[in-house]
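K.L.:
Below you will find the structure I want to go over with you.
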Amino acid sequence: MRQKAIFNWSGGKDSALALYLTLNDPQFEVKELVTIINADVERISMHGVRKAMLEKQVESFGLHLSIISLPGEISMTDYDRLMKDKLELAYSSGVTHSIFGDIFLEDLRNYREQRLTEVGLKGHFPLWKRDTTDLIKEFLSLGFRTLVVSVDGSKLDKSFVGRELDMDFVRDLPEGVDPCGENGEFHSFVFDGPIFKRPVEFEKGEVVGKDYRLSQEDQTAVTYWFQDLIPK
């Protein structure tokens with residue numbers, strides 16, 4: 001019997017590859033995708049992708065989408081409480097696992113697993129400790145297509161945002177930038193590939209720069225560049 005799982009969906013390349021692997025894994029049955037939306041702007045947090053684009057994306061491969069809308073400014077205490085409510089609801093419906101596209105951030109995995117253990121769920125990480133260059137090559141060889149929709153301006157030039165992620169993009173990355181952007185250097189939106197029934201159609205909007213403070217302790221501002229995508 002396959003184990004019921006929820007899948008934490010960001011809309012980007014790591015999520016897409018992890019979902020592809022999960023859908024082809026007889027161990028799991030994906031009951032729903034879960035995505036966190038910034039309720040203030042109706043966009044995926046840190047990706048800057050419109051909710052309407054997310055909905056078109058998930059509709060194109062026919063899985064149920066569960067959206068969690070959170071305020072743009074939220075304390076970790078409130079975040080943990082709201083996420084715990086969602087996880088407890090999933091557990092009560094027979095879900096046993098929560099699946100993520102994380103690759104090598106140990107602290108993040110530990111945090112996720114601690115929260116899951118509190119409600120009786122287990123974590124599953126299909127991409128864990130894989131070489132990130134190998135992952136990009138596998139992603140592209142499977143026929144996935146993705147657009148880079150946000151970049152950390154302290155790590156990458158503005159010119160990287162809005163580009164399709166291919167091997168030319170990877171070769172152009174400065175030294176020290178992870179090929180999968182696992183350290184937050186960039187985020188992407190997948191619009192076609194083997195899990196899609198049809199490509200997601202969109203138009204490119206404007207590129208917008210937004211400044212973010214590193215933390216309450218460190219008031220240094222970092223500019224992030226966002227490529228707006230408009231559904232067609």
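The values are calculated or read from the model by the stated rules, or taken from the named source; none is laboratory data. Computed from a predicted structure; not experimentally measured. Note that each Cβ is placed from the backbone with ideal geometry, even for glycine, and that neighbours are counted across all protein chains shown. Side chains are part of the model used for accessible areas, which takes the heavy atoms of the whole protein and leaves out ligands, DNA and RNA. Shrake-Rupley method; radii C 1.70, N 1.55, O 1.52, S 1.80 Å.
K.L.:
May I ask you to rank Thr132, Thr117 by accessible area, largest first, using a 1.4 Å probe over the protein chains only?
P.N.:
Details: Thr132 15, Thr117 100 Å².
Accessible-area ranking of Thr132, Thr117, largest first: Thr117, Thr132.
K.L.:
With each run of n ≥ 4 DSSP H residues scored as -39500 (n - 2.57), what mean residue ellipticity at 222 nm is computed for the chain after dividing by its residue count and rounding to the nearest 500 deg cm²/dmol? Could the numbers behind the result be given before it?
P.N.:
Numbers: 6 runs with 65 residues, N = 232.
Value at 222 nm, helices only: -8500 deg cm²/dmol.
K.L.:
Suppose every Lys and Arg Cβ carries +1 and every Asp and Glu Cβ carries -1, with no other charges. What dipole size does segment 106-150 come out with about its Cα centre, to the nearest 20 debye? The partial results should precede the final answer.
P.N.:
Details: 8 positive and 7 negative charges, 29 e Å.
Roughly 140 debye, rounded to the nearest 20.
K.L.:
For the chain, with only Lys/Arg (+1) and Asp/Glu (-1) charged at the beta-carbon, what is the dipole magnitude about the Cα centre, in debye rounded to 20? Mind showing how you got there, number by number?
P.N.:
Values: 29 positive and 39 negative charges, 159 e Å.
With Lys and Arg at +1 and Asp and Glu at -1, about 760 debye.
K.L.:
Taking K and R as +1 and D and E as -1, what net charge do the other residues with C-beta under 13 Å from the C-beta of Glu118 add up to? Walk me through the numbers before you get to the answer.
P.N.:
Details: positive: Arg81, Lys84, Lys86, Arg112, Arg115, Lys122; negative: Asp80, Asp85, Glu88, Glu113.
Every neighbour counted, the sum reads +2.
K.L.:
Further question: In the full protein assembly as shown, how much of Ile6 is accessible to a 1.4 Å probe, in Å² to the nearest 10?
P.N.:
Per-residue accessible area (Ile6): approximately 0 Å².
K.L.:
Full-extension gain between Ser45 and Ile230, please, as 0.36 nm times their residue separation minus the C-alpha to C-alpha distance.
P.N.:
Values: separation 185, 0.36 × 185 = 66.60 nm, distance 1.67 nm.
Full extension from Ser45 to Ile230 adds 64.9 nm.
K.L.:
Moving on to the next point. What is the extension gain from Thr117 to Lys129, computed as 0.36 nm multiplied by their sequence separation minus the C-alpha to C-alpha distance, in nm to one decimal? Please list the in-between numbers first.
P.N.:
Details: separation 12, 0.36 × 12 = 4.32 nm, distance 2.15 nm.
That pair, Thr117 and Lys129, stretches by 2.2 nm at full extension.
K.L.:
Mark the label point 7 Å from the Cα of Leu108 along Cα→Cβ and return the residues of segment 115-143 whose backbone N is within less than 18 Å of it.
P.N.:
115-116, 123-137, 139
K.L.:
Right, here's the next one. Treat every Asp and Glu Cβ in segment 123-232 as -1 and every Lys and Arg Cβ as +1, leave all other atoms uncharged, and give the resulting dipole magnitude about the Cα centre to the nearest 20 debye.
P.N.:
Working: 14 positive and 21 negative charges, 85 e Å.
With Lys and Arg at +1 and Asp and Glu at -1, about 400 debye.
K.L.:
Please figure out what share of the DSSP beta bridges in segment 1-116 is antiparallel and state it in percent, rounded to the nearest 5.
P.N.:
In segment 1-116, approximately 15 percent of DSSP beta bridges are antiparallel ones.
K.L.:
Where in segment 98-137 does the label zone of Gln3 land, with the point 7 angstrom along Cα→C-beta and an amide N cut-off under 14 Å?
P.N.:
In segment 98-137, the label zone of Gln3 (backbone N under 14 Å from the point 7 Å along Cα→Cβ) covers 98-100, 113, 116-117, 120-126.
K.L.:
Counting pairs on different chains as well as pairs 8 or more places apart, how many Lys pairs in segment 1-145 have Cα atoms under 20 Å apart?
P.N.:
16
K.L.:
Using Cα positions and a limit of under 17 Å, work out the aspartates and glutamates in reach of Lys155, with same-chain residues fewer than 8 apart set aside.
P.N.:
Answer for Lys155, where 17 Å is the Cα cut-off: Asp172, Glu175, Asp178, Glu182, Glu185, Asp211, listed by chain and number.
K.L.:
Excluding ligands, DNA and RNA, what is the solvent-accessible area per residue of the chain at a probe of 1.4 Å, expressed in Å²? Intermediate values should be presented prior to the final figure.
P.N.:
Values: 11620 Å² over 232 residues.
It amounts to 50 Å² per residue over the chain.
K.L.:
I would also like to ask the following. Quick one: order Arg2, Arg115, Arg130 from most to least accessible surface, probe 1.4 Å. All intermediate terms of the calculation are to be shown ahead of the outcome.
P.N.:
On the way: Arg2 125, Arg115 55, Arg130 85 Å².
Of Arg2, Arg115, Arg130, the descending order of accessible area is Arg2, Arg130, Arg115.
K.L.:
Here is a further query. Ordering Leu173, Leu108 by accessible area with a probe of 1.4 Å, largest first, what comes out?
P.N.:
Values: Leu173 25, Leu108 60 Å².
Largest accessible area first, the list is Leu108, Leu173.
K.L.:
May I pose another question? Among the aspartates and glutamates, select those whose C-alpha is under 16 Å from the C-alpha of Lys232, and discard any that sit fewer than 8 residues away in the same chain.
P.N.:
Glu55, Glu59, Asp192, Glu201, Glu203, Glu206
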